[in-house]
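A.B. asks: Here it is, the structure, as structure tokens.
Each value in this text was obtained by applying a stated rule to the coordinates, not by laboratory testing. Treat the numbers as computed from the prediction; the structure is a model and nothing was measured. Glycine also receives a Cβ, built like all others from the backbone with ideal geometry; neighbour counts cover every protein chain displayed.
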Amino acid sequence: MRRLFLIACLVFVMVSIFGAITLTMVETITSPARTELLRQLLDEFEATHPGIKVELISPPYESSDQKLIMMLNTKQKVDVFEVRDNFLAIHVNNKNLLDLSEFVRDWDGWNDLIDLAKTVATKIEGKVYYIPYGFFIKALFYRKDILEKNNIPVPQTMQELYEYAKKLTNPAEGKYGFAFRGGPSEHSFSEIVIMSHVPNIDPSPNRGYLTTDGVPYHDTPGGIEGLKMWVKLYHDCSPKDSLNWGWAEQVNGFVSGMTPFLIQDPDTVPIVERRLGDPNLYGVAPMPVGPYGKVYLDYGNAGWGIASYSKYKKEAWELIKFLSSPEVNARFSKFNGSLPISKSAFADPYYATGPYRAWYEELTNPDKYVFYERPVHMPGFPAYAEKHKNDIQNILLGKKDLYQAAKEWADFWRKEYGITK
Amino acid sequence: MSKDRRFIFVMILPTVLFISLVIFLPAIRSIIMAFQDYNMYFLTKKFIGFKNFSDAFNDPVFIQATKNTLIWTLLSLALQFVLGFSLALLLRRPFRGRGVYTALVFYPWAVSGFVIGLQWRWMFHGSAGVINDLLLKLGLIQERIAFLSDPSYALYAAIVANVWYGVPFFAIMLLAALQSVPQELYEAAKIDGANAFKQFMNVTIPYVRPVIINTTLIRFIWIVNFPDIIFSMTNGGPAGSSHILSTLLISKVYNEYNYGVASAIGVIIMLILATYAYVYLKINRSEGGF
Amino acid sequence: MRRLLTILRILALSVFLVCALFPLYWTFITSLKGATEMYSYPITYWPKQVTLENYRYLLRSLNFGRYTVNSIFVSLLSSLAALMVASFSGYVLARRRFSTKKVLFFVLFITQMIPGFMLMSSIYVMLGPIGLVDNLLVLAFLYTGIMVPFSTIMMKSFFERIPESIEEAALIDGCKKLQMVFKIVFPVTAPGLAATFCFAFVNCWNELFLAIMLLNSESKKTIPVGLNSFVGKADIDWGAMSAGVLIALIPAMVIFAFAQKYIVQGLTQGAVKE
């Protein structure tokens with residue numbers, strides 16, 4: 001009997017030492033190709049960390065974040081998960097993210113992060129709630145061949161963008177200038193153009209959409225001017241059905257040559273190259289600036305966090321360190337098309353030349369390209385985004401008054417911020 | 001309990017258990033949610049009375065969605081019925097290869113709503129869509145129509161897809177009903193001197209009337225609760241012009257993370273359907289059933 | 001005159017057939033087109049360059065084989081279970097009179113009015129904390145529950161079509177109750193059973209929202225969830241999606257081809273001779 005007991009203890013001990021721990025990782029910006037890449041990276045991690053296995057869960061994109069939040073709220077087994085900027089506040093409010101500040105103190109990779117990465121990671125209460133893996137910042141894609149054929153230079157300002165796009169527009173021949181975005185998430189495009197016309201946007205944290213006068217920008221004179229410009233871009237330079245265009249339609253328009261100017265994120269680069277087949281057919285320029293010599297860009301990003309209730313916090317941190325190491329992050333970013341997070345990565349010629357040079361310009365010229373914080377973490381934001389899209393579509397259809405819409409948006413944010421002026 | 005009563009009880013028990021657990025229990029939970037502040041930001045779950053309902057009503061898209069629900073349902077139903085009935089009439093008399101023909105022409109019913117939405121989205125595509133191409137080639141339009149980006153067309157494009165999907169259901173049910181009409185009734189009518197049309201009106205229609213009533217009743221309810229096609233085809237756009245109440249429900253969850261308001265909309269849908277069913281049955285004095 | 005009517009009839013039948021099959025045809029050729037030809041002008045009605053790349057991609061990078069096995073398992077299990085449960089209650093509803101009959105029927109009817117999506121979040125919220133998610137058996141159980149109401153209604157109609165005299169005759173001939181059920185009633189209701197089974201199967205096969213919500217691991221996903229992965233943040237891969245749709249469609253189409261024959265047969269009164 002005693003022997004049996006001892007053997008049982010031995011087995012138990014051995015299993016605990018050698019038994020594999022399984023980490024559960026949930027991604028949300030799911031795509032079949034990226035899942036393949038992640039799986040590869042995870043296999044490499046498993047090879048260098050015996051005793052740890054990683055299970056990757058990849059919900060279909062359309063409902064992935066909803067799924068993740070439900071899993072977290074019902075305390076399903078999740079150890080590492082993808083944290084997107086507009087969901088960070090939700091995760092923290094629901095107390096599902098572990099504060100990584102302790103781990104980060106002993107990590108030298110932290111100092112290699114670009115400043116923007118450190119800023120976003122510590123956005124909430126100054127605590128490190130996640131480690132970003134990449135940035136999505138918009139720039140201007142253009143068709144080199146089409147511009148050359150028509151003797152059109154690369155626009156430096158919004159006014160030039162409008163004029164050149166208009167010159168290229170000939171509806172009778174099915175040719176237009178600008179790949180307008182009127183469909184889902186249109187605000188991340190329209191607001192770039194609109195806000196560049198406002199002279200005094202306040203880029204400080206927690207002041208998203210406010211001017212330095214402390215009021216929402218939407219119905220200031222500059223905001224109205226910018227909105228008018230956006231409307232002009234639609235009517236004079238874009239195909240009629242771009243009213244409802246999403247990413248796919250924008251990219252199709254660009255690749256087919258119908259709309260040679262395209263505002264998009266860096267993850268569009270690999271896709272455009274693959275579809276065009278010839279890298280000489282296109283180029284990327286930094287975002288044109290507004291009448292005041294500035295343009296305001298938000299810095300979309302995503303990263304990896306640890307579930308607050310995870311039973312394997314140390315092992316989860318090992319995984320995150322692995323994914324955030326400069327080499328792995330560079331590989332991931334190159335595939336993903338996002339901008340990498342470490343300073344050392346930017347020394348790589350891949351990012352210093354070619355299409356990525358445009359973003360390098362944007363990241364290193366803060367007087368022209370001002371990074372501001374879009375208020376995605378405020379509870380009213382999702383409703384605002386829906387309303388903004390619907391209102392713009394109605395303005396373009398002639399069903400809503402431009403000034404009325406701008407006032408409603410400003411009132412919305414006045415209420416959100418509790419401004420009584 | 002008598003042996004027979006016990007028999008009945010045992011036979012019904014599994015059904016009752018299943019629908020209580022799988023349908024009624026979650027439904028009650030949802031109805032409770034309609035009165036709670038249940039969104040993903042705060043998860044407080046505190047009771048807020050009818051606020052979710054008033055939020056739903058005050059959403060400008062809500063009125064449009066209600067109107068659209070009526071258009072969507074009535075138009076789809078009418079077209080599905082007319083086309084389904086026509087098809088059933090055409091199939092009434094047997095012909096060579098009818099088995100194969102019906103297997104092919106009825107297949108739309110086997111396709112999932114989500115896939116139908118995507119297929120038709122591709123076909124209605126503003127630039128690369130085949131429907132635009134065909135309309136142009138036939139000279140019916142001068143330039144391409146952006147069906148899914150135009151508020152006046154979006155909902156109707158979805159209705160086309162829905163009709164394509166729903167015709168087989170009616171055709172099958174009505175064909176069975178038509179074939180059930182006893183031959184003797186037709187012969188009696190012929191003896192009385194009725195021509196084909198009179199036979200149709202006085203024999204066929206009255207006989208299949210119960211089936212028509214029941215299928216339209218259940219189909220109406222299914223169509224109202226059928227968000228799949230619109231969801232994958234237009235997602236309610238543009239500018240919310242193609243939302244129906246059930247897709248608005250989904251949008252509140254996926255886009256605004258607000259389960260409370262979504263559940264409130266669900267309750268509203270149920271109330272509307274319950275009223276409709278009551279009125280419909282009163283008018284037709286049928287006991288429901290096939 | 002007769003001739004004209006026949007010609008018109010053939011014409012009308014052809015129009016219906018073309019309309020029904022055209023989307024299928026379009027999906028088929030889309031699945032054979034390459035990425036560059038997909039958006040080219042003018043639109044090609046047959047691919048200039050037929051490519052099997054989409055199918056290869058599908059079988060290579062998604063666990064489509066696994067998804068198919070899961071779908072078959074879940075759909076088969078739920079439709080058989082629903083059929084059994086529905087036959088029991090359908091039989092009793094058709095044959096017996098009892099006080100709660102109308103109420104029960106009304107209850108079944110009400111279940112159809114509940115918006116499906118609303119149920120799903122509640123189901124998840126209730127099952128999540130007790131760890132009953134990511135489980136194909138649980139999914140099958142839920143599907144069964146969802147299919148039972150309408151299947152019961154269907155079986156009731158099928159049973160009503162069968163004259164009671166057949167059962168009485170068998171009983172008179174000395175069959176015991178159970179024997180009667182299997183030897184006599186069963187074969188006669190076969191079309192009805194087949195029809196209800198197929199109807200339930202196709203619905204389970206195509207169900208999307210509940211599967212997305214409940215299934216996490218790759219090894220558990222069903223086909224609709226797999227297809228939904230093609231709707232990405234950015235783009236819909238129309239080529240691969242069309243290939244996937246076709247592969248998923250074929251079993252459903254085949255099964256439904258049988259179903260429609262039996263539904264018509266089963267619902268046709270007087271089809272059962274005494």
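A.B. asks: How big is the stretch B:61-286 in terms of Cα radius of gyration and Dmax, in angstroms?
C.D. replies: For the stretch B:61-286, the Cα-based Rg and Dmax read 20.5, 68 Å.
A.B. asks: For the stretch A:261-309, run through the chymotrypsin sites (Phe, Trp or Tyr not before Pro) and keep only the ones in DSSP coil with at most 15 other Cβ atoms within 10 Å of their Cβ.
C.D. replies: Passing sites in the stretch A:261-309 are A:292, A:309.
A.B. asks: May I ask you to derive the FRET efficiency for residue A:408 and residue A:309 from their Cβ-Cβ distance with R0 = 41 Å, giving the value to the nearest 0.05?
C.D. replies: Result of the calculation: an efficiency of 0.50.
A.B. asks: Sticking with this structure for a sec: Between residue A:281 and residue A:232, what length in nm is gained on full extension when 0.36 nm per residue of separation is reduced by their alpha carbon distance?
C.D. replies: 14.9 nm
A.B. asks: Between residue C:101 and residue B:143, take the C-beta separation as r, use R0 = 56 Å, and let me know the FRET efficiency to the nearest 0.05.
C.D. replies: 0.40
A.B. asks: If you place +1 on the Cβ of every Lys and Arg and -1 on the Cβ of every Asp and Glu, how big does the dipole about the Cα centre of chain C come out, in debye to the nearest 20?
C.D. replies: Dipole of chain C, to the nearest 20 debye: 600 debye.
A.B. asks: For the protein assembly as shown, how big is Rg over Rh, using alpha carbon atoms and the Kirkwood form of Rh?
C.D. replies: Radius of gyration relative to Kirkwood radius: 1.00.
A.B. asks: Taking a threshold of 32 Å on the Cα-Cα distance, which of the pairs A:400/B:51; A:123/B:67; A:175/B:137; A:118/B:51; B:252/B:282; A:77/A:334 fall above it?
C.D. replies: Distance filter (> 32 Å) returns A:123/B:67; A:118/B:51; B:252/B:282.
A.B. asks: Which peptide among A:152-163, B:23-34 comes first, and what is the full order, when sorted by highest mean count of other Cβ atoms within 10 Å?
C.D. replies: By packing density, highest mean first, the sequence is B:23-34, A:152-163.
A.B. asks: Of the options C:215, C:147, B:226, report the single residue whose Cα projects farthest towards the positive end of the charge dipole of the protein assembly as shown (beta-carbon charges: Lys, Arg +1; Asp, Glu -1).
C.D. replies: It is C:147, whose Cα lies furthest towards the positive end.
A.B. asks: For peptide A:388-394, compute the average count of partner chain beta-carbon atoms within 10 Å of each residue's beta-carbon.
C.D. replies: Rounded to a whole number, the mean comes out at 4.
A.B. asks: Pairs of alpha-carbon atoms within less than 8 angstrom and 6+ residues apart define the contacts here; what relative contact order does the stretch B:61-286 have, in percent?
C.D. replies: 31 percent
A.B. asks: Taking the Cα centre of the stretch A:140-243 as origin, sum charge times position over the Cβ atoms of Lys and Arg (+1) and Asp and Glu (-1), and report the length of that vector in debye to the nearest 20.
C.D. replies: Dipole of the stretch A:140-243, to the nearest 20 debye: 340 debye.
A.B. asks: Let me know the mean shielding of C:79-92 by other chains, meaning the per-residue number of their Cβ atoms within 10 Å of its Cβ.
C.D. replies: 3
A.B. asks: How many Lys pairs in chain C lie less than 22 angstrom apart by Cα atoms, where the lysines are 8 or more positions apart or on different chains?
C.D. replies: Summing the qualifying lysine pairs gives 11.
A.B. asks: If you don't mind, another one. Which order do peptides A:384-397, C:95-108 fall in by mean Cβ count within 10 Å, highest first?
C.D. replies: Top of the packing list down: A:384-397, C:95-108.
A.B. asks: Here is a follow-up. Of the options C:111, C:67, C:204, report the single residue whose Cα projects farthest towards the positive end of the charge dipole of chain C (beta-carbon charges: Lys, Arg +1; Asp, Glu -1).
C.D. replies: Looking along the dipole axis, the top candidate is C:111.
A.B. asks: In whole Å, what is the distance between the alpha-carbon centres of the stretch B:114-128 and the stretch A:182-200?
C.D. replies: The stretch B:114-128 and the stretch A:182-200 have Cα centres spaced 29 Å from each other.
A.B. asks: Okay, moving on. Averaged across C:28-34, how many Cβ atoms of other chains sit within 10 Å of each residue's Cβ atom?
C.D. replies: Rounded to a whole number, the mean comes out at 1.
A.B. asks: Here's a follow-up. Using a simple spin-label model with points 7 Å from Cα along the Cα→Cβ vector, what separation in nm is obtained for residue B:222 and residue A:173?
C.D. replies: The modelled label-to-label distance comes out at 5.2 nm.
A.B. asks: Turning to a different aspect of this structure: Show me the ranking of peptides B:180-192, A:370-382 by mean Cβ neighbours inside 10 Å, starting with the highest.
C.D. replies: Peptide ranking by packing, descending: A:370-382, B:180-192.
A.B. asks: Hey, if you put +1 on the Cβ of every Lys and Arg and -1 on every Asp and Glu Cβ in chain B, which of B:15, B:107, B:86 ends up farthest toward the positive end of that dipole?
C.D. replies: Of the candidates, B:15 comes out farthest on the positive side.
A.B. asks: For residue A:97, enumerate residues with amide H under 5 Å from its amide H, sequence gap 5+ or separate chain, H modeled in the peptide plane.
C.D. replies: A:308
A.B. asks: A follow-up question, please. So for the pair residue C:10, residue A:344, with labels modelled 7 Å out along Cα→Cβ, what separation do we get in nm?
C.D. replies: In this crude spin-label approximation the distance works out to 7.8 nm.
A.B. asks: Further question: Based on Cα coordinates alone, diagonalise the gyration tensor for chain A, multiply each eigenvalue by 5, take square roots, and list the semi-axes in whole Å, largest first.
C.D. replies: Here the semi-axes work out to 43, 25, 19 Å.
A.B. asks: Please list the non-local residues whose amide H lies under 5 Å from the amide H of residue A:175, H modeled 1.01 Å from N, same-chain partners needing a gap of 5 or more.
C.D. replies: The list, which skips near neighbours in sequence, is A:170.
A.B. asks: Then there's this: Using 14 Å as the cut-off for backbone N distance, which residues of the stretch C:148-163 belong to the label zone defined by a point 7 Å from the Cα of residue C:258 along Cα→Cβ?
C.D. replies: The answer is none, because no backbone nitrogen lies closer than 14 Å to the label point.
A.B. asks: A further question follows. Can you bin chain C into rounded, prolate or oblate? Criterion: square roots of the alpha carbon gyration tensor eigenvalues sorted a ≥ b ≥ c, rounded for a/c under 1.5, prolate for a/b above b/c, oblate for the rest.
C.D. replies: Cα axes put chain C in the oblate bin.
A.B. asks: Hey, got the dipole for the stretch C:39-118? About the Cα centre, +1 on K and R Cβ, -1 on D and E Cβ, debye to the nearest 20?
C.D. replies: Dipole about the Cα centre, nearest 20: 380 debye.
A.B. asks: Hey, another quick one. Mind telling me which of C:20, C:243, C:82 comes out most flexible in a GNM of chain C, alpha-carbon contacts under 10 Å?
C.D. replies: Result for chain C, Cα springs under 10 Å: C:20 fluctuates most.
A.B. asks: Okay, moving on. Assuming R0 = 45 Å, what is the FRET efficiency of residue B:70 and residue B:98, from their Cβ-Cβ distance, to the nearest 0.05?
C.D. replies: Calculated value: 0.75.
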